[in-house]
Amino acid sequence: MKTLPAADIVIIGGGWTGLLMAKELGKRTSLNIVVLERGGMRKTEDYASDMDELDYFIRLRMMQDTSRETVTLRRNPDERAQPIRQLACFLPGEGIGGAGEHWTAQCPRYQPDCLELYSKTVERYGAKRLPENHAFQDWGVTYDEIEPYYTRAEQLLSVSGKVGNLRGQKIEGGNIFSGWYSAEYPNPPLKTPRFSAMFGEATKSLGYHPFRDPAAMNSVPSTNPDGISRPACQYCGFCSRYGCMIGAKAQPTNTLLPLVEQISRVQIRTHATVRRIIHDKTGHDTTGMNRSAKGVTYVDASGEEFFQPAGLVILGSWTLNNNRLLMLSGIGERYDAATGKGTLGRNLTHQVLFAGAVAFFDKPLNRFMGGGAVGMRIADFDGDVFDHSNLPFLRGGTFSASAYGAQPISGFGAVPPSVKARWGAEWKKAAVAAYDRSDAITFSGEHVPYKTNFFDLDPTYKDYAGDPLLRLTIDWNDNERKTAEFMTAKAREIALAMGAKEINSFAGYDHYDVRRYQSTHVQGGTVMSASPEHGVVNPYMQHWNMPNLFVLGGSTFPNQGSANPTPTILAFTYRTADAIVDRYLKKPGMLA
Ligand SMILES: Cc1cc2nc3c(=O)[nH]c(=O)nc-3n(C[C@H](O)[C@H](O)[C@H](O)COP(=O)(O)OP(=O)(O)OC[C@H]3O[C@@H](n4cnc5c(N)ncnc54)[C@H](O)[C@@H]3O)c2cc1C
Ligand code: SF4
């Protein structure tokens, strides 16, 4: 193995977190930084000419190559986990920009009490209401502490929308149930398509409070505080699972990469797959572990292995590989579900997401136009906004009516319940009629953490290089099943108020289904906490046992909010960057 000249900082992963950290540390310090990304380079120009649904949406051109590396999954320890050969329930990204290239760009914040899940739940309902086998805990950071960083993230992305709680003042037309915002979104809301407008009118008539989805898509041409200018969205509909061909959707390659490439001290190496974080016991920390990261080993496209020494290691390889790389590197104590000991791997969560009601109308919706975050939403049933005293579940989520842009393959095929045929001429005729006269009211909900949902290494299956695959043990529990029942009834009520002629309702949750897309919001495993007994990283995302190792992204979230996670991920990344520049680099050591 060849040893390379030492860098000051090595960053693993070139997605949202990796490139944001490279930009912040690159611009604000004089240090040498190496970014290692397992996939290839990407630029906006790559998307200019070949937006092919079969290639991108169905065959998942931008996602991780499962023939080289995948995960195994089981629902409980009595099952034998099986490898996922075809991605479906979540879609990990690969290549510069990571999943941030093909994301949907919905940009809500987490409910403030999500960050204090344990204390707020017990305070309102008592400890007896916590679900069996729960793993509720607080994050060690409050909403008030993270709020300024949310604002920075929204400015970075030039979010379009309307705030509903500006420093405590409730504003109709925005989300009045959200936490407080210190600033309005940079851009006005996107256009409101027909289906979303119908949802807005119906939910208002039912006494709810609709608002336009906050979106990292430009409603108007705009320039962010870093001087990055992007054009306005054209509602082309080829948005989620694609890169934006004009750069209207904020992606790491159009928002961060142009800045990072200007800094000669930052080197980006593509096709560089990190295999281990190298460490020894000669460092200093306050935990008694005396361990220190020394750098990483990685393999390039030709299969050659390198050691890249570095003074600071930053792990931003998304949830799955953040967990796997720490486990393979032997850093931290792995969680054992049988004894409850160990922290690495615990609190695996996956956002609750389903089409509560697919509504069929007798008029066209023009739903071939739209984009990832074009739509309306209500938050009247989010988090703890409504009283759960007499309900059989805790927490909640939001309903949305989005116009993603129904494409010819993936957007085709729904038929109303009165049509019994599932193939042949009758089905085809009904599906053609329904294509532009139907759409889904979607529920996005919280997933609370359980001791029984966790990550570890698979004892049987290995990747292309012979390393064990990451194993996910995950199943739904009664809290999710009862939430789904309640929310499906609400979705039906909204669909009827919208004038739906027929409705296909969500069938409900039985067990976790690996074949059904459930968002790419898989979180936990390297969770943050105020003390090392309950987490892998401290509230600055610094490893509790290794002060020169930081872990970024949703893997650090102890529970899953109903909102899509990236604004929260970016907010915590900014906070960590500040802590590294303002405190760690001045006096290396534990920050908490
Ligand atoms: C289809 C889709 C829609 C989404 N929509 C939304 C949305 O609307 N709103 C929202 O908030 N979020 C959304 N997300 C989630 C969002 O994309 C992620 O939260 C975000 O990208 C996380 O940033 P990250 O840096 O942690 O990970 P990523 O952006 O995935 O970047 C991680 C990078 O690390 C690299 N990597 C992994 N392992 C290694 C290794 N061993 N060595 C070197 N490199 C490695 C990967 O190749 C990848 O490029 C969506 C995701 C998908 C897939
Ligand atoms: S819908 Fe808008 S943001 Fe999305 S890909 Fe098309 S132009 Fe870009």
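Tabulated data
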| read-out | value |
| --- | --- |
| Extension gain from Arg85 to Val220, taking 0.36 nm per residue of separation minus the Cα-Cα distance | 44.5 nm |
| Electrostatic dipole magnitude of region 456-592 [Cβ: Lys, Arg +1; Asp, Glu -1; Cα centre; debye, to 20] | 420 |
| R0 of 56 Å, Cβ-Cβ distance Ala425-Thr460: FRET efficiency to nearest 0.05 | 0.75 |
| Amide H within-cut-off set for Lys462, under 5 Å, with H built and near neighbours excluded | Leu469 |
| Helix 566-579 axis, angle to the chain major axis (alpha carbon atoms, nearest 10°) | 30 |
| Dipole magnitude (debye, nearest 20) for the chain, charges at Cβ of Lys, Arg, Asp, Glu | 360 |
| Selection from Ser222, Gly164, Phe211 lying farthest towards where the dipole of region 75-233 points positive, charges on Cβ | Phe211 |
| Residue-wise HN-Hα coupling along region 77-88, computed from phi with Karplus coefficients 6.51, -1.76, 1.60 (Hz; x: Gly, Pro) | x, 7, 8, 8, 5, 10, x, 7, 8, 10, 5, 8 |
| Low-density loop cleavage sites - chymotrypsin sites (Phe, Trp or Tyr not before Pro) in region 482-523, where at most 15 other Cβ are within 10 Å (DSSP) | Tyr517 |
| Cα long-axis angle, helix 318-329 against the chain (0 to 90 degrees, to the nearest 10) | 30 |
| Taking region 22-138 and dividing mean pair separation by its residue count, relative contact order in percent (alpha carbons under 8 Å, at least six apart) | 20 |
| Relative contact order [Cα under 8 Å, 6+ residues apart], the chain, whole percent | 23 |
| Whole-Hz couplings from phi, Karplus 6.51/-1.76/1.60, listed for region 142-151; x for Gly and Pro | 9, 4, 4, 6, 8, 3, x, 6, 4, 4 |
| Alpha-carbon centroids, region 422-445 and region 330-402: separation in whole Å | 23 |
| Inter-probe distance in nm under a simple model that places probes 7 Å from Cα toward Cβ, at Asp478 and Arg28 | 4.7 |
| Relative contact order computed over region 352-440 (Cα-Cα under 8 Å; 6+ residues apart), in percent | 40 |
| Between 0 and 90°, nearest 10: helix 16-28 axis offset from the chain longest Cα axis | 50 |
| Nitroxide proxy distance, nm - points 7 Å out along Cα→Cβ at Val432 and Arg516 | 3.1 |
| Electrostatic dipole magnitude of region 191-270 [Cβ: Lys, Arg +1; Asp, Glu -1; Cα centre; debye, to 20] | 120 |
| In nm, spacing of pseudo-spin labels at Asp362 and Asp467 (7 Å Cα→C-beta vector) | 6.0 |
| Residue among Gly589, Gly173, Cys244 farthest towards the positive dipole end of the chain, charges placed on Cβ | Cys244 |
| At most 11 other Cβ within 10 Å, DSSP loop - trypsin sites (Lys or Arg not before Pro), region 413-446 | Lys420, Arg422 |
| Residue among Pro83, Met327, Ala484 farthest towards the positive dipole end of the chain, charges placed on Cβ | Pro83 |
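No lab work stands behind these numbers, since they all come straight from the coordinates. Every value quoted in this text rests on a predicted model; they were computed, and no experiment measured them. Because the Cβ atoms are built from the backbone with ideal geometry, glycine has one as well, and the counts that use them run over all protein chains shown.
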